[in-house]
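Take a look at the structure set out below.
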Amino acid sequence: PEGRISTYDEFRECVLPRVAALGYNAVQLMAIMEHSYYASFGYQVTSFFAPSSRYGTPAQLQRLVDAAHARGIRVLLDLVHSHASKNTADGLNELDGSDTHYFHAPPRGVHAGWDSRLFDYANFETLRFLL
């Protein structure tokens, strides 16, 4: 092992042919949204509308999806709309100066297991942002 993260291009070139050869018709890509902490498995999202740059460019992700579709493979993207990074420098936490703009107030708004913030779906602005 090289001790590094594979890229969208490497997945397209090395993994998709194996998936197709094994007869699968779908893949699920996890940790697709930008996240600051790799060990979070992508569940401490910092940018909800951008694919993670650690795997390559948006154009490379598009080529991966196009290549999968060309092989008859559906692509499921694991989107995380339940919680977000608690970071204030690069995340949504305290975006407006409070800790409740998009999230429940602590302690309900803190996911202790993931060390992240939990969205308040009763908040209209939260729904507008996520949808």
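Being in a strand (DSSP E or B) and basic (Lys, Arg) is the filter here, so list the residues in the range 53-79 that pass it. Hit for the range 53-79 is ARG74, nothing else.
Can you confirm whether GLY42 is under 17 Å from PHE11 (Cβ atoms), touching a strand residue (DSSP E or B) at 6+ places or on another chain (Cβ under 7 Å) and without any contact (Cβ under 8 Å) to a residue 60 or more places away in the chain?
Working: under 17 Å from PHE11 (Cβ atoms): yes; touching a strand residue (DSSP E or B) at 6+ places or on another chain (Cβ under 7 Å): yes; without any contact (Cβ under 8 Å) to a residue 60 or more places away in the chain: yes.
Yes: the conditions hold for GLY42.
If the requirement is being buried (at least 17 other Cβ atoms within 10 Å of the Cβ) and over 18 Å from PHE119 (Cα atoms), which of these qualifies: GLY56, GLY42? Going through GLY56, GLY42 in turn, the sole match is GLY56.
Looking only at the range 28-52, count every residue that is part of a loop (DSSP other than H, G, I, E, B) and within 19 Å of ARG74 (Cβ to Cβ) and tell me the total. Steps first, please.
Narrowing the range 28-52 to residues part of a loop (DSSP other than H, G, I, E, B): 30-32, 36-37, 41-44, 52.
Now drop any that are not within 19 Å of ARG74 (Cβ to Cβ), which leaves 30-32.
Residues that pass the stated criteria total 3.
So which residues in the range 83-97 are among the polar types (S, T, N, Q), assigned to a loop (DSSP other than H, G, I, E, B) and closer than 10 Å to VAL45 by Cα? Break it down into steps so the answer makes sense when it comes.
Taking the range 83-97 and keeping what is among the polar types (S, T, N, Q), we get 85, 87-88, 93.
Checking the rest, the ones that are also assigned to a loop (DSSP other than H, G, I, E, B) come to 87-88, 93.
Result: ASN87, single match.
Residues in the range 105-123 that are under 22 Å from PHE49 (Cβ atoms) and either in a loop (DSSP other than H, G, I, E, B) or among the charged types (D, E, K, R) (or both): GLY109, TRP114, ARG117, ASP120, TYR121, ASN123.
Among the conditions (1) touching a Lys or Arg at 6+ places or on another chain (Cβ under 7 Å); (2) open to solvent by less than 40 Å² (accessible area, probe 1.4 Å); (3) among the hydrophobic types (A, V, I, L, M, F, W, C), the only one that VAL110 does not satisfy is (2).
Scan the range 10-27 and give yes if some residue there is assigned to a strand (DSSP E or B) and within 28 Å of ARG128 (Cα to Cα), otherwise no. Let's see the steps before the verdict.
So the first thing to find is which residues in the range 10-27 are assigned to a strand (DSSP E or B), and the list is 26-27.
Imposing the further condition that a residue be within 28 Å of ARG128 (Cα to Cα) reduces the set to none.
Within the range 10-27 (the criterion being assigned to a strand (DSSP E or B) and within 28 Å of ARG128 (Cα to Cα)), the answer is no, since none of the residues qualifies.
Exactly one residue out of LEU22, LEU61 is among the hydrophobic types (A, V, I, L, M, F, W, C) and within 15 Å of the chain's Cα centre (by Cα), and it is LEU61.
The values are calculated or read from the model by the stated rules, or taken from the named source; none is laboratory data. The model shown is predicted, which means the values in this text are computed figures rather than measured ones. Neighbour counts run over all protein chains shown; Cβ positions are idealised from the backbone, glycine included. We work out accessible area using only protein heavy atoms, side chains counted, and drop any ligands, DNA or RNA first. Shrake-Rupley method; radii C 1.70, N 1.55, O 1.52, S 1.80 Å.
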